[in-house]
Amino acid sequence: GRIDLAGEAIRLGRVLAALMPDEPEVHGLLALMQIHHARRKARFSGDELVLLEDQDRSLWDSQEIATARTALERAIALRGRGPYVLQAAIASLQAEERIDWNEVAALYGQLAQITRSPVIELNRAVAVAQAGSTEQALEIVEQLELADYQYLHSTRGELLRRLGRTDEAREAFERALALARSERERRFLERRITEL
(Lines give C-alpha, C1' and ligand atoms only; values in the text may rest on other atoms or scores of the structure.)
Protein backbone atom coordinates (compact mmCIF):
# COMPACT_ATOMS: atom_id res chain seq x y z
CA GLY A 1 0.00 0.00 0.00
CA ARG A 2 0.91 3.67 -0.24
CA ILE A 3 2.86 5.14 2.65
CA ASP A 4 1.45 8.34 4.18
CA LEU A 5 4.79 10.18 4.31
CA ALA A 6 3.37 13.20 6.14
CA GLY A 7 1.70 10.97 8.72
CA GLU A 8 4.92 9.02 9.18
CA ALA A 9 6.91 12.25 9.59
CA ILE A 10 4.47 13.38 12.29
CA ARG A 11 4.78 10.02 14.05
CA LEU A 12 8.56 10.36 14.05
CA GLY A 13 8.21 13.95 15.23
CA ARG A 14 6.23 12.74 18.24
CA VAL A 15 8.95 10.18 19.01
CA LEU A 16 11.62 12.88 18.78
CA ALA A 17 9.59 15.21 21.02
CA ALA A 18 9.37 12.46 23.63
CA LEU A 19 13.14 11.91 23.42
CA MET A 20 13.92 15.66 23.48
CA PRO A 21 11.14 17.19 25.62
CA ASP A 22 13.08 20.39 26.35
CA GLU A 23 14.04 21.22 22.75
CA PRO A 24 11.66 23.94 21.46
CA GLU A 25 12.55 23.48 17.79
CA VAL A 26 11.43 19.82 17.95
CA HIS A 27 8.02 20.88 19.28
CA GLY A 28 7.89 23.68 16.72
CA LEU A 29 8.60 21.33 13.83
CA LEU A 30 5.97 18.88 15.08
CA ALA A 31 3.39 21.67 15.34
CA LEU A 32 4.26 22.94 11.85
CA MET A 33 3.86 19.49 10.27
CA GLN A 34 0.56 18.88 12.08
CA ILE A 35 -1.00 22.18 11.00
CA HIS A 36 -0.05 21.63 7.35
CA HIS A 37 -1.28 18.04 7.53
CA ALA A 38 -4.59 19.19 9.05
CA ARG A 39 -5.29 21.43 6.04
CA ARG A 40 -4.34 18.93 3.32
CA LYS A 41 -7.89 18.00 2.21
CA ALA A 42 -8.78 21.62 1.46
CA ARG A 43 -5.73 22.43 -0.68
CA PHE A 44 -7.19 20.96 -3.85
CA SER A 45 -10.64 20.78 -5.36
CA GLY A 46 -10.48 17.87 -7.78
CA ASP A 47 -7.37 18.71 -9.79
CA GLU A 48 -7.55 22.44 -9.03
CA LEU A 49 -5.27 24.27 -6.61
CA VAL A 50 -7.17 26.19 -3.89
CA LEU A 51 -5.57 29.24 -2.27
CA LEU A 52 -5.66 29.57 1.52
CA GLU A 53 -8.29 32.32 1.46
CA ASP A 54 -10.60 30.16 -0.69
CA GLN A 55 -10.21 26.88 1.21
CA ASP A 56 -13.24 25.17 2.74
CA ARG A 57 -12.26 25.26 6.41
CA SER A 58 -14.81 22.57 7.26
CA LEU A 59 -12.37 20.18 5.56
CA TRP A 60 -9.61 21.10 8.01
CA ASP A 61 -8.92 18.69 10.86
CA SER A 62 -9.66 20.92 13.86
CA GLN A 63 -8.50 18.30 16.35
CA GLU A 64 -5.12 18.02 14.67
CA ILE A 65 -4.79 21.82 14.67
CA ALA A 66 -5.59 21.87 18.40
CA THR A 67 -2.95 19.20 19.01
CA ALA A 68 -0.45 21.22 16.98
CA ARG A 69 -1.17 24.32 19.04
CA THR A 70 -0.43 22.37 22.22
CA ALA A 71 2.99 21.48 20.78
CA LEU A 72 3.50 25.13 19.76
CA GLU A 73 2.58 26.33 23.25
CA ARG A 74 5.18 23.91 24.65
CA ALA A 75 7.80 25.33 22.27
CA ILE A 76 6.97 28.91 23.27
CA ALA A 77 7.01 27.99 26.97
CA LEU A 78 10.55 26.72 26.36
CA ARG A 79 11.38 30.21 24.99
CA GLY A 80 11.70 28.92 21.47
CA ARG A 81 12.22 31.57 18.78
CA GLY A 82 13.95 29.44 16.15
CA PRO A 83 12.87 28.95 12.54
CA TYR A 84 10.51 26.02 13.16
CA VAL A 85 8.80 27.70 16.09
CA LEU A 86 8.30 30.88 14.05
CA GLN A 87 6.97 28.93 11.04
CA ALA A 88 4.58 27.01 13.30
CA ALA A 89 3.37 30.28 14.84
CA ILE A 90 2.72 31.65 11.34
CA ALA A 91 0.85 28.48 10.31
CA SER A 92 -1.19 28.65 13.51
CA LEU A 93 -2.19 32.26 12.80
CA GLN A 94 -3.15 31.29 9.25
CA ALA A 95 -5.45 28.61 10.70
CA GLU A 96 -7.42 31.25 12.65
CA GLU A 97 -10.89 32.18 11.43
CA ARG A 98 -9.73 35.79 11.11
CA ILE A 99 -6.06 35.98 10.20
CA ASP A 100 -4.00 38.80 11.72
CA TRP A 101 -1.90 39.49 8.64
CA ASN A 102 0.09 42.25 10.36
CA GLU A 103 1.23 39.70 12.96
CA VAL A 104 1.99 37.16 10.23
CA ALA A 105 4.11 39.77 8.43
CA ALA A 106 5.94 40.60 11.67
CA LEU A 107 6.74 36.93 12.29
CA TYR A 108 7.97 36.54 8.71
CA GLY A 109 10.20 39.57 9.37
CA GLN A 110 11.74 37.80 12.37
CA LEU A 111 12.14 34.61 10.35
CA ALA A 112 13.82 36.53 7.51
CA GLN A 113 16.34 37.99 9.96
CA ILE A 114 17.26 34.48 11.13
CA THR A 115 17.34 32.74 7.75
CA ARG A 116 18.37 35.57 5.38
CA SER A 117 16.20 33.76 2.83
CA PRO A 118 14.72 35.68 -0.12
CA VAL A 119 11.90 33.11 -0.24
CA ILE A 120 10.94 34.05 3.33
CA GLU A 121 11.02 37.71 2.27
CA LEU A 122 8.66 36.81 -0.57
CA ASN A 123 6.29 35.24 1.94
CA ARG A 124 6.55 38.38 4.08
CA ALA A 125 5.56 40.43 1.04
CA VAL A 126 2.44 38.29 0.59
CA ALA A 127 1.50 38.87 4.24
CA VAL A 128 2.11 42.62 3.86
CA ALA A 129 -0.21 42.64 0.84
CA GLN A 130 -2.87 40.67 2.70
CA ALA A 131 -2.62 43.23 5.51
CA GLY A 132 -3.57 45.88 2.94
CA SER A 133 -0.25 47.33 1.75
CA THR A 134 -0.05 46.09 -1.83
CA GLU A 135 2.38 48.77 -3.01
CA GLN A 136 4.74 48.12 -0.10
CA ALA A 137 4.55 44.40 -0.85
CA LEU A 138 5.48 45.04 -4.48
CA GLU A 139 8.47 47.10 -3.36
CA ILE A 140 9.70 44.13 -1.32
CA VAL A 141 9.19 41.73 -4.25
CA GLU A 142 10.99 44.00 -6.74
CA GLN A 143 14.16 43.88 -4.59
CA LEU A 144 14.38 40.07 -4.45
CA GLU A 145 16.88 38.18 -6.58
CA LEU A 146 14.75 35.17 -7.52
CA ALA A 147 14.63 35.48 -11.30
CA ASP A 148 14.06 31.76 -11.91
CA TYR A 149 11.64 31.21 -9.03
CA GLN A 150 8.09 30.64 -10.24
CA TYR A 151 6.44 31.97 -7.09
CA LEU A 152 8.21 35.32 -7.31
CA HIS A 153 6.58 35.90 -10.69
CA SER A 154 3.14 34.61 -9.69
CA THR A 155 3.21 36.77 -6.55
CA ARG A 156 4.38 39.78 -8.55
CA GLY A 157 1.60 39.12 -11.06
CA GLU A 158 -1.01 39.04 -8.32
CA LEU A 159 0.24 42.28 -6.77
CA LEU A 160 0.29 44.02 -10.16
CA ARG A 161 -3.23 42.71 -10.85
CA ARG A 162 -4.46 44.21 -7.59
CA LEU A 163 -2.88 47.53 -8.53
CA GLY A 164 -4.63 47.52 -11.91
CA ARG A 165 -1.38 47.17 -13.89
CA THR A 166 -2.87 44.50 -16.15
CA ASP A 167 -0.24 44.27 -18.89
CA GLU A 168 2.60 43.90 -16.38
CA ALA A 169 0.55 41.38 -14.41
CA ARG A 170 0.01 39.29 -17.54
CA GLU A 171 3.75 39.29 -18.29
CA ALA A 172 4.53 38.19 -14.73
CA PHE A 173 1.94 35.40 -14.80
CA GLU A 174 3.24 34.23 -18.19
CA ARG A 175 6.78 34.09 -16.78
CA ALA A 176 5.49 32.07 -13.80
CA LEU A 177 3.66 29.76 -16.21
CA ALA A 178 6.86 29.16 -18.18
CA LEU A 179 8.57 28.09 -14.95
CA ALA A 180 5.69 26.00 -13.55
CA ARG A 181 6.27 22.25 -13.27
CA SER A 182 3.00 21.10 -11.75
CA GLU A 183 -0.02 20.68 -14.02
CA ARG A 184 -2.29 22.02 -11.26
CA GLU A 185 -0.19 25.17 -10.97
CA ARG A 186 -0.13 25.59 -14.75
CA ARG A 187 -3.94 25.46 -14.87
CA PHE A 188 -4.18 27.95 -11.99
CA LEU A 189 -1.86 30.41 -13.76
CA GLU A 190 -3.63 29.96 -17.10
CA ARG A 191 -6.90 30.81 -15.32
CA ARG A 192 -5.32 33.93 -13.79
CA ILE A 193 -4.12 35.08 -17.23
CA THR A 194 -7.56 34.48 -18.75
CA GLU A 195 -9.22 36.50 -15.99
CA LEU A 196 -7.10 39.62 -16.67
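The values are calculated or read from the model by the stated rules, or taken from the named source; none is laboratory data. Everything numeric in this text was worked out from a predicted model, so none of it was measured. With ideal geometry, Cβ positions are generated from the backbone for all residues, glycine too; neighbour counts draw on all protein chains shown. Heavy atoms of the whole protein, side chains included, go into the accessibility calculation; ligands, DNA and RNA do not. Shrake-Rupley method; radii C 1.70, N 1.55, O 1.52, S 1.80 Å.
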Exercise. Going through the range 140-196 one residue at a time, which ones are out of contact with any Leu (no Cβ under 8 Å at 6 or more places or on another chain), closer than 19 Å to A129 by Cα and of a type in the set (K, R)?
Worked result: R162, R165, R192
For this session: Read through the list (1) modelled with pLDDT under 95; (2) of a type in the set (D, E, K, R); (3) within 20 Å of the chain's Cα centre (by Cα), then give the number of the only condition that E64 fails.
Result: (1)
For this session: Could you check, for the range 27-34, whether at least one of its residues is over 18 Å from the mean Cα position of the chain (by Cα) and under 14 Å from T70 (Cα atoms)?
Result: yes
Seminar exercise, completed: Going through the range 65-112 in order, the residues found to be open to solvent by 30 Å² or more (accessible area, probe 1.4 Å) and not in a helix (DSSP H, G or I) are L78, R79, R81, E96, E97, R98, I99, D100
Exercise. If you take the residues of the range 33-64 that are out of contact with any Asp or Glu (no Cβ under 9 Å at 6 or more places or on another chain) and part of a loop (DSSP other than H, G, I, E, B), which of them is surrounded by the fewest Cβ atoms within 10 Å (Cβ to Cβ)?
Worked result: G46
Exercise. Only one of A91, A137, A172, A147 is touching a residue at least 60 places away in the same chain (Cβ under 8 Å) and not charged (D, E, K, R); which?
Worked result: A91
Exercise. Just to be sure, is A75 touching a Pro at 6+ places or on another chain (Cβ under 7 Å) and hydrophobic (A, V, I, L, M, F, W, C)?
Worked result: yes
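So that you can scan it fast, the table gives a plain yes or no per residue for (1) at pLDDT 95 or above; (2) under 28 Å from R187 (Cβ atoms); (3) over 19 Å from the mean Cα position of the chain (by Cα); (4) not acidic (D, E):
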residue: A106; (1), (2), (3), (4): yes, no, no, yes
residue: A127; (1), (2), (3), (4): yes, yes, no, yes
residue: E142; (1), (2), (3), (4): yes, yes, yes, no
residue: E168; (1), (2), (3), (4): yes, yes, yes, no
Seminar exercise, completed: Exactly one of L146, L86, L93 is more than 13 Å from the chain's Cα centre (by Cα) and of a type in the set (A, V, I, L, M, F, W, C), and that one is L146
Seminar exercise, completed: Among the residues of the range 113-137, the number that are assigned to a helix (DSSP H, G or I) and either touching a strand residue (DSSP E or B) at 6+ places or on another chain (Cβ under 9 Å) or open to solvent by 30 Å² or more (accessible area, probe 1.4 Å) (or both) is 12
